[in-house]
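Structure record follows, encoded as structure tokens.
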Amino acid sequence: MNSGILYIVATPIGTLNDFSPRAKEVLSQVDFIACEDTRHTGKLLHYFQIKTPLESLHAHNEKNKINFLISKLLNSENKMAAIVTDAGTPCISDPGSLLIAEAHKNNITIQSIPGPSSLTAALAACGFIQPRTIFSGFLDRSIKNQSQEFELWKHSAPCIAVIFESPKRILNTLNNLLNYFKNEDIYLCVSKEISKKFEEHKIGNCKEIIEYYSNLNEIQGEFVVCININKLNKEAPDLDAIALEAIFHSKSKNLSLKQGCKEMSLKYNINSKDIYNKALKL
């Protein structure tokens, strides 16, 4: 028995001709399309002469609309629906993941129609080679929370970290990167306007990139920033400094001193007993 199909369909991020024939075929055949903005998607469908009905699904209504959309899919004529976002692949720093998760629970078949993605386009264009990639989406506005994310990258090095950023926040984020990593070995590729007329991929270190964008009269476009982080061969602090950090870390996280010392041992690759014994003497 057919329990229904939910298609994840990628849409153009710039040039409309990036829209694949299969994506157009799927959107023409499904019973309805869940989309982030009905007006925006309506223009795309009109251009390709697709007349499938639309249902809104965005960050503000996703939780409340999931059951309605699942029910509509299961009771529709062909038991087929699709989800799209304004541009690119749904569910990647965009709404949709909650609907997909609920569809899985209802034994609805999920099919992903690959297509435009600023994430993979930027990664391909940066030219960086590392054994792993970390995607952090849009960073939190808080400098403290950003620093925690940077710390995660540092401990995952060598790696490529990828973030999305807006034109209003790009310089602040770049300055936070510079303040955190200082003179350590990181290199950036800042991509914008991917698949559009003024597509650009700017390569350089933090200072060079900040200087370039600071000298522009106006910063426009949505950004994808790839950060190339090599293994940071930073000498570990002495045992006294590590033990002191373990004490403060334990208190701030409400951990036992032993647990705090264990976490510092993982961070600095030093025996936890040595850290613990030193901490007891401080």
What pairs can you find where one residue is in the stretch 36-55 and closer than 18 Å to Leu99 by Cβ and touching a residue at least 12 places away in the same chain (Cβ under 8 Å), the other is among the aliphatic types (A, V, I, L, M) and open to solvent by 30 Å² or more (accessible area, probe 1.4 Å), and their Cβ atoms are less than 7 Å apart, with a gap of 6+ or different chains?
Thr38/Leu54; Thr41/Leu54
Sole miss for Ser214 among (1) small (Gly, Ala, Ser); (2) open to solvent by less than 40 Å² (accessible area, probe 1.4 Å); (3) over 28 Å from Asn271 (Cβ atoms) is condition (2)
State which residue pairs qualify: first residue more than 19 Å from Leu57 (Cα to Cα) and inside the stretch 98-121, second residue open to solvent by 40 Å² or more (accessible area, probe 1.4 Å) and assigned to a helix (DSSP H, G or I) in any location, beta carbons under 7 Å apart, and separation of 6 or more residues or different chains.
Pro116/Asp18
Looking at (1) crowded, with 19+ Cβ neighbours inside 10 Å; (2) modelled with pLDDT of 95 or more; (3) among the aliphatic types (A, V, I, L, M), find the lone condition where Leu54 falls short.
(1)
Counting only residues that are open to solvent by 60 Å² or more (accessible area, probe 1.4 Å) and in contact with a Leu (Cβ under 9 Å, 6 or more places away or on another chain), which one in the stretch 232-250 is modelled with the lowest pLDDT?
Asp240
Does Pro12 meet the test of being open to solvent by 70 Å² or more (accessible area, probe 1.4 Å), at pLDDT 95 or above and touching a Phe, Trp or Tyr at 6+ places or on another chain (Cβ under 8 Å)?
no
Restricting the stretch 256-280 to residues that are open to solvent by 40 Å² or more (accessible area, probe 1.4 Å), under 26 Å from Tyr180 (Cα atoms) and of a type outside the set (D, E, K, R), the residue that is modelled with the lowest pLDDT:
Asn269
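Go through Glu62, Glu55, Glu36, Glu102 for me and flag whichever is touching a Leu at 6+ places or on another chain (Cβ under 7 Å) and more than 28 Å from Ala121 (Cα to Cα).
Being touching a Leu at 6+ places or on another chain (Cβ under 7 Å) and more than 28 Å from Ala121 (Cα to Cα) holds for just one of Glu62, Glu55, Glu36, Glu102, which is Glu55.
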Among the residues of the stretch 56-70, what is the count of those that are among the polar types (S, T, N, Q) and part of a helix (DSSP H, G or I)?
2
Could you give every pair whose Cβ atoms fall below 9 Å, whose first residue belongs to the stretch 122-146 and is closer than 12 Å to Ile160 by Cβ, and whose second residue is assigned to a helix (DSSP H, G or I) and open to solvent by less than 40 Å² (accessible area, probe 1.4 Å), counting only separations of at least 6 or pairs across chains?
Arg132/Ser156; Ile134/Trp153; Ile134/Ser156; Phe135/Leu119; Ser136/Trp153
Would you mind telling me which numbered condition in (1) in a loop (DSSP other than H, G, I, E, B); (2) surrounded by 15 or more Cβ atoms within 10 Å (Cβ to Cβ) Leu73 fails?
(1)
What pairs come up if the first residue lies in the stretch 81-94 and is open to solvent by 50 Å² or more (accessible area, probe 1.4 Å), the second is among the aliphatic types (A, V, I, L, M), and their beta carbons are under 8 Å apart, counting only those six or more places apart or on different chains?
Ile92/Leu119
Conditions first: (1) under 18 Å from Ala103 (Cα atoms); (2) part of a helix (DSSP H, G or I); (3) open to solvent by less than 10 Å² (accessible area, probe 1.4 Å). Ala23 passes all but one, so which condition is the exception?
(1)
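The values are calculated or read from the model by the stated rules, or taken from the named source; none is laboratory data. Values in this document were obtained by computation on a predicted structure and should not be read as measured data. Ideal geometry is used to build each Cβ from the backbone, glycine not excepted, and the neighbour counts take in all protein chains shown. Heads up: the accessible areas ignore ligands, DNA and RNA and are worked out on the full protein's heavy atoms, side chains in. Shrake-Rupley method; radii C 1.70, N 1.55, O 1.52, S 1.80 Å.
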